[in-house]
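I have placed the structure first, in the form of structure tokens, so that the comments after it can refer back to it.
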Amino acid sequence: MKIVIVGGVAGGMSAAARARRLSEDAEIVVVEKDDYVSFANCGLPYHVGDEIPNRADLLVQTPQSLRAALAIDVRTATEAIAIDRENRSVRMRNGHGEYDLDYDALVLAPGARAIRPPIPGLDSPLVQTLRTVPDADSVRALVEGGAKRAVVLGGGYIGLEAAEALRLRGLEVALVDLAPHVLPPLEDELASLLHAELEANGVAVHTGVGATAIEQPLPEMEDSPAGTTTYVEVVLSDGTRLPADVVLLSVGVRPASSLAADAGLELGTNGAIRVDADLRTSDPAIWAVGDAVEVVHGVTGQLGPIPLAGPANRQGRRAADAIFGHRRGAEGAAAASPPAVLGTAIVRVFGLTAGMTGANRSALTRAGIEHHVIHVHPNHHAGYFPGARQMHLVLNIGTDGRVLGAQAVGTDGVDKRIDVLATAIRAGFDVDDLAELELAYAPPYGSAKDAVNMAAFVAQNVLDGTVRLWYPWQLDEAMESALILDVRSPGEYSRGHLPGALNVPHTKVRERIEEIRSAADGRPVRVHCASGFRSYLAHRVLAAAGFDSANLSGGMLTLRAALPELVLTDGVTSQAG
């Protein structure tokens, strides 16, 4: 059997390596249009930031090492330009001309292309992307050539990593994103924490605006040799002008599916290549893997590309299994639906880590899935052990208790909890399963009631009616029609509280219940504390006394993160008794 694989890196090289392990007799040819067929593209920002100073460390395999270890014929600087499906051949082009390469099975792993919006001046040599080894070389050359100011367009994963990397190299950095906040898939109340961390580390953050032009200033505007300019100005939609010696473009990617489209293969959402569960395309002799394929979201069922390295590697392996009939299952038949992906991802932003898995609130709402949202703020390990750091964890659950999504931000322990919750979603767990999870515990590593268990306990309380929650996005309604009851200590209250809130510490709620009833005057009571636990205790007392009570999810920590512009009242007012 002759297998031709178009594209290397994660998906293509995983397919090639797995194919060789399944067959010593197969002829395997990998063609890659760039010079590097197997490299750690996720490490590129860290090479720019000099945390991975040795460029060679990014090169996982070379054509020579692949030939020696796996007997794979790797042809770099070779581009596939057309597929002849009838004759099962691919037209190739390299520096010596064009030729045809026959195949019995063809695997397409073309990846994705950086989106280049129609911004005047985007063709400036100071505008760079960061998807390949040569891209990283170019950015490093600008930095080492004396660049002092950088503008990063796009606040997604790569944009955040690039902003951090350039700041670590000592540049002045501005980060621009058209979305309302950085890392758009992250919930508002968590994204604001990243925003604050970026600014604390010297990154100027511009959200809700886009770049409208990249302009070359007039020579006399820059004191430079021979009257030339060596920088550009990024013009934003609000009129702001940002000078930059390097502009890094990271506003998203699109599936590189033109080869498949020209061959008449079926495309799906956003131009991604449509595949079945075994990654087979509409042509039974052609498979496709990686960032260019359409997958199904494992929670919402929505179709579309999800460009992540982990799924791409697994898809390459699965495609090779399918080619050799090595599928598992009673009948070994592929389902019509493409592989399910949860979009599990994580990113470091200076001293913080943000992770997510499953569906966020907006995705659940778009899919018409009713859900509850749980906020908790546990320590990453036992609070009495030195170095305990607080995490901010959001858990989305269905009305049936099924785990639908999770997000977390913190300094430590985020990766562990997100991985546990991703596993739980994949397994179809509900909150009762989460509550009973037996997770490793010793004081330096966790708590007897792990953060995952604690989130599940709150979720159980929501589902069985033990607690009723209200949320930051309901604040205006609550302040207009309910009594806001602040059950923090008087000292906490005096350092800032909601206007008109009545302060009754949670330990005094029982003895001051009639005072609260009088202040409510028939209105609902919306209770809160700092993180949600003390107010939960108060809520139980109020509910037992017949009040229409609800507890603020995540307390003041969540409220202030969700509404960073919220103005609190200082001084002890409304303090009775």
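The table that follows gives values for the structure above.
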| read-out | value |
| --- | --- |
| Qualifying position, being β-branched (Val, Ile, Thr), in contact with a helix residue (DSSP H, G or I) (Cβ under 7 Å, 6 or more places away or on another chain) and over 28 Å from Arg131 (Cα atoms), among Thr357, Thr344, Thr353, Thr300 | Thr300 |
| Residue pairs meeting the criteria (Cβ under 8 Å; at least 6 apart or on separate chains; first at pLDDT below 95, in region 58-73; second acidic (Asp, Glu) and part of a strand (DSSP E or B)) | Arg67/Asp73 |
| In region 9-32, the residues that are assigned to a helix (DSSP H, G or I) and either touching a Ser or Thr at 6+ places or on another chain (Cβ under 8 Å) or of a type in the set (S, T, N, Q) (or both) | Val9, Met13, Ser14 |
| Only listed residue being part of a helix (DSSP H, G or I), among the polar types (S, T, N, Q) and in contact (Cβ under 8 Å) with a residue 12 or more places away in the chain, chosen from Ser535, Ser531, Ser518 | Ser535 |
| Single match in Arg523, Arg510 (criterion: surrounded by fewer than 16 Cβ atoms within 10 Å (Cβ to Cβ), assigned to a loop (DSSP other than H, G, I, E, B) and out of contact with any strand residue (DSSP E or B) (no Cβ under 8 Å at 6 or more places or on another chain)) | Arg510 |
| Test: residue in region 340-353 that is of a type outside the set (A, V, I, L, M, F, W, C) and crowded, with 24+ Cβ neighbours inside 10 Å | no |
| Residue among Leu439, Leu404 that is in a loop (DSSP other than H, G, I, E, B) and of a type outside the set (Gly, Ala, Ser) | Leu439 |
| Residue within region 417-437 that is surrounded by fewer than 18 Cβ atoms within 10 Å (Cβ to Cβ), within 22 Å of the chain's Cα centre (by Cα) and hydroxyl-bearing (Ser, Thr, Tyr) present | yes |
| Residue in region 233-252 that is surrounded by fewer than 19 Cβ atoms within 10 Å (Cβ to Cβ), under 30 Å from Thr212 (Cβ atoms) and modelled with pLDDT under 95 present | yes |
| When residues of region 369-388 are limited to those that are under 22 Å from the mean Cα position of the chain (by Cα) and assigned to a loop (DSSP other than H, G, I, E, B), the one surrounded by the most Cβ atoms within 10 Å (Cβ to Cβ) | Pro378 |
| Residue in region 308-317 that is buried (at least 20 other Cβ atoms within 10 Å of the Cβ) and of a type in the set (Gly, Ala, Ser) present | yes |
| Filter result (acidic (Asp, Glu) and surrounded by 21 or more Cβ atoms within 10 Å (Cβ to Cβ)) within region 174-196 | Asp177, Glu187, Glu189 |
| Pick from region 75-102, criterion in a loop (DSSP other than H, G, I, E, B) and of a type in the set (Gly, Ala, Ser), ranking: surrounded by the most Cβ atoms within 10 Å (Cβ to Cβ) | Ala77 |
| Test: residue in region 22-37 that is crowded, with 22+ Cβ neighbours inside 10 Å, at pLDDT 95 or above, under 25 Å from the mean Cα position of the chain (by Cα) and under 30 Å from Arg327 (Cβ atoms) | no |
| Qualifying positions in region 103-140 - under 27 Å from Ala17 (Cα atoms) and loosely packed, with under 14 Cβ neighbours inside 10 Å | Asp104, Pro134 |
| Unique residue being in the same structural domain as Met356 (by TED's automatic domain parsing), of a type in the set (Asp, Glu) and over 25 Å from Gly555 (Cα atoms) when the list is Asp412, Asp419 | Asp419 |
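The values are calculated or read from the model by the stated rules, or taken from the named source; none is laboratory data. Remember, it's a predicted structure, so these values are computed and weren't measured experimentally. With ideal geometry, Cβ positions are generated from the backbone for all residues, glycine too; neighbour counts draw on all protein chains shown.
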